[in-house]
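Following: one structure in structure tokens, then a few remarks.
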Amino acid sequence: MKKRIFIISISIIVLFSLFLIIKYFLPLNYQVNNGIDSNEKNFTSNLKLNSKASLIMNLDTNQIIYENNISEAFPVYSCSKIVFLATLEEEMKKKNISFNDKVKISSTITKINKNGNFAQSGIKANEVYTIKELYYCVMMASGNDATIALAEYVFGSHANAVIKMNEFAKEHHLNNASFVSTSGLDGKDLTEAGLKTNSGSNLLSIEDTIKVIKIIEEKYPEIIEAGSKDSVLIGQYNKKKLWVNNVNHMIEQFSNIKGVYGLKTGSNMDEYSMSIINLYKNKYNQHFLIVSYANKNYQTMHDDSVKMINYLNTLSVINIKDNLNLKINFGYNKNKVEYMLNKDLLVYYPKNYQLSYYLDHKFNHLNKIYNVKKGGNLGKINFNNIIFYQDDLPNVIITNNVIEKYNYQKLLELILDIIRK
């Protein structure tokens, strides 16, 4: 009887010891801190904006730093001109049309320009401009006249251009977008000017806008270049030249906010109809997309843009790839495995906050540690207590050779697996 009690006692001690090993020496989450742990905070709670939808995004790393209501589509009016020009360039490539092609302005433009409420660049019927010159009219002066002139020349008609814009939206998965005009004018306004189209407004969400901006950055930088200038003299083939001025007063040339190099504003006379897409480069040469949709008026639109830029510039930033080079002890065998990120990852956080981050990857079986060879993928990095997040986080890879297993370890792994189960 005493022997049986002794065996049971020893078994309990062994099991309890193994439990302690699992709990304290073989953690499922491997953690590294460069500061103290703290509770999750909403760092953007002090960023009070007037717009119904807004965004701060690092275009270099595709990291969203701040967002609000980015999936809902709003009437964005002339901001939708960037979708038109992206669609236009796709068509130009198909038809081998050059930026130097000459466009003779049709009488349709006279009808559009009769309405003083429509944004216009000042071009007139029978004048001749290059496509490049009309780009400046579209992006700088937000000219509806120039937009429609380009639509007629490249697509044959305004109606055909609108069809192609909606096809572009479907092809590039702009899931919340729909268009009734090339310029951003409402369908009712165009019908009154003699251009038949569907009723309603051009709708675009910030999520859709991100996709369009990434396409433009990669394929059509001419759109960004045209939206970045303050004034341009055009009309080289006409007797009278025309000065085109940028109506976006957020760009650096007009603003006390340095670093804004585009891109587009959109407006209507209705309440909550002011929208703006800003491209911004900070002093560290990082590029950002800053969007504010559905503002009450021009002043709140401008104020929101300034608030987001100022907020961005109050944040500290850490390059995780430079700072995350972990050598982690895997419990009982004291074997070290080194990790690194396979691409740069910047994290933005308030300057007075001590950043804490951890490697979160659960191993249900120890042999998974050893079976991964050099360069193999171990999982994803997750971050806690910081404002950065995105779905597609960088992978974690093993950067040193795998440690050999010994026979006695197999037995211990089996025991640990049984206990865990």
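The values are calculated or read from the model by the stated rules, or taken from the named source; none is laboratory data. Just so we're clear, the structure is a prediction, and the values are computed from it rather than from any experiment. Positions of Cβ are generated from backbone atoms using ideal geometry, with glycine treated the same way; all protein chains shown enter the neighbour counts.
Quick rundown of the values:
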item	result
Residue count for region 193-227, restricted to those that are modelled with pLDDT of 75 or more, over 23 Å from E171 (Cβ atoms) and either assigned to a loop (DSSP other than H, G, I, E, B) or in contact with a strand residue (DSSP E or B) (Cβ under 8 Å, 6 or more places away or on another chain) (or both)	1
Residue in region 312-341 that is modelled with the highest pLDDT, counting only those that are of a type in the set (F, W, Y) and surrounded by fewer than 19 Cβ atoms within 10 Å (Cβ to Cβ)	F330
Residue that is surrounded by the fewest Cβ atoms within 10 Å (Cβ to Cβ), among those in region 263-281 that are closer than 16 Å to I64 by Cα and touching a helix residue (DSSP H, G or I) at 6+ places or on another chain (Cβ under 8 Å)	L279
Region 168-192: number of residues that are touching a residue at least 24 places away in the same chain (Cβ under 8 Å) and either part of a helix (DSSP H, G or I) or of a type in the set (A, V, I, L, M, F, W, C) (or both)	9
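Okay, residues lined up against (1) under 20 Å from S157 (Cβ atoms); (2) within 30 Å of the chain's Cα centre (by Cα); (3) of a type outside the set (S, T, N, Q); (4) surrounded by fewer than 18 Cβ atoms within 10 Å (Cβ to Cβ):
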| site | (1), (2), (3), (4) |
| --- | --- |
| I70 | no, yes, yes, no |
| I97 | yes, no, yes, yes |
| I105 | yes, no, yes, no |
| T110 | yes, no, no, yes |
